[in-house]
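First comes the structure, then the notes that go with it.
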Amino acid sequence: MRKFVTLGALAIAVAATPALADDNDASWTGAYVGVNAGYTDAKSDQKVVLGGNWSIESAALQTRVTTDYPTASHVKDINYGGQIGFNVQAGSSLVVGIEADVSGLSGKDSQIRTSAGAPTYTIANTFDPKVTYGVKGKLGFAAGNTLFYATGGYGWTQADLATDITSSGGYHKASAFSHTFNGYEVGGGIEHRFGGKLGLRLEYVYTDQGDVTYTTGYVTGSTFLTPAYSETFTQDLRMHLVRVSMNYHF
C-alpha cells in the first residue's frame, strides 16, 4: 500500500508543477528515450490434469493430488527498466506514437504443500518472472506541456517455472524450465514536460500473456521408471504494472 501511496504522490507532483515548464508549449513531435521504475502485481494460475495409470488409482487419491497442488502464484515487487519511442503531434492536441520498453522484474513465489493420508504427496511450485518487454501504440491528447494518453500493443515476459511431486512411496517427478509468455497489453498514462526536454510520466499497464502447458518427468531414484503415470500442468500469466518514468525528448 505504501508503494501505491508513493506513486500517487508522484502523480500529484506531476499535475501540480506546471510553473516549472517553459512559457511556450512544447511540441510533442519527435523521438524520446527514458528510464522507468515502479511496482508489479503478477498473477499466475495453475491447474493439473492427471493421466495414464492415475486412472486406476482411487478417486480420493486423485482428488488429493489435484486439490493440494498450488493453484495460484502471486508476485508483488518492484520493476525497473527503460523505454524508447516516437510521437507525432497532429494539429493542436492530437498525439499518436509508438514505444518499445523493457523492465526487469523482482521477486518470485514458491509454494510447498503436503497432502494428508497415505501415501502422502508433497507438491512444490515456483514461479519466477524475470523480464518483460512491450511494443505499444499511443493515442493521446496534449494540453500544452501535459499529455494524457491511452496505449495498447503486444508484450513478452520471460519467467522460470518449476514443479516437483514426491510421494512417501518413492514416486518422484519434476519439471523446471524457462518460458516466454506473450500476449496483449493495454493501459494509459499522463506525462508532463519540464524545461522543454525532460518529461515525468506516470503509467499503468495491464497485460494478459496467455498460458503454457507442460508435463513432468521421472527423477533419478524414483520407484517408477516407466511413463505409466502422467501429470499435465497449465500455467498462465497476468500482470498489473505501475511505472514512473523520466523521458528525454529530442
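The values are calculated or read from the model by the stated rules, or taken from the named source; none is laboratory data. All of these numbers come straight from a predicted model, not from anything done at the bench. When we count neighbours, we look across all protein chains shown, and the Cβ atoms used for this are built from the backbone with ideal geometry, even at glycine.
Quick notes on this structure:
- Single unsatisfied condition, Asp164 versus (1) modelled with pLDDT under 95; (2) farther than 17 Å from Ala124 by Cα; (3) assigned to a strand (DSSP E or B): (2)
- Residues within region 115-132 that are over 30 Å from Glu203 (Cα atoms) and either under 28 Å from the mean Cα position of the chain (by Cα) or surrounded by 14 or more Cβ atoms within 10 Å (Cβ to Cβ) (or both), tallied: 7
- Considering (1) free of Cβ contacts under 8 Å to residues at least 24 places away in the same chain; (2) in a strand (DSSP E or B), the lone condition that Tyr204 does not fulfil carries the number (1).
- Odd one out for Gly196, checked against (1) among the small types (Gly, Ala, Ser); (2) assigned to a strand (DSSP E or B); (3) within 29 Å of Tyr32 (Cβ to Cβ): (2)
- Among the criteria (1) within 21 Å of Asn53 (Cβ to Cβ); (2) of a type outside the set (A, V, I, L, M); (3) surrounded by fewer than 17 Cβ atoms within 10 Å (Cβ to Cβ), the one Phe148 does not fulfil is (1).
- Failed condition for Val135, given (1) in a strand (DSSP E or B); (2) touching a residue at least 40 places away in the same chain (Cβ under 8 Å); (3) exposed (fewer than 15 other Cβ atoms within 10 Å of the Cβ): (2)
- Residue count, region 73-100 (criterion: buried (at least 18 other Cβ atoms within 10 Å of the Cβ), closer than 21 Å to Phe148 by Cβ and not acidic (Asp, Glu)): 6
- When each of Ala159, Ala150, Ala142, Ala176 is tested for being among the aliphatic types (A, V, I, L, M), modelled with pLDDT of 95 or more and closer than 20 Å to Met246 by Cβ, the lone residue that passes is Ala142.
- Condition check for Tyr229: out of contact with any Gly (no Cβ under 6 Å at 6 or more places or on another chain), more than 23 Å from Ala142 (Cβ to Cβ) and not small (Gly, Ala, Ser): no
- A single member of Gly169, Gly195 is touching a residue at least 40 places away in the same chain (Cβ under 8 Å), on the phi > 0 side of the Ramachandran plot and loosely packed, with under 15 Cβ neighbours inside 10 Å, and it is Gly195.
- So Glu185, is it touching a residue at least 40 places away in the same chain (Cβ under 8 Å), charged (D, E, K, R) and more than 25 Å from Gly38 (Cα to Cα): no
- Filter result (surrounded by 13 or more Cβ atoms within 10 Å (Cβ to Cβ), closer than 26 Å to His179 by Cβ and among the β-branched types (Val, Ile, Thr)) within region 217-246: Val219, Thr232, Thr234, Val242
- Residue within region 58-80 that is in a strand (DSSP E or B), modelled with pLDDT of 90 or more and at positive phi present: no
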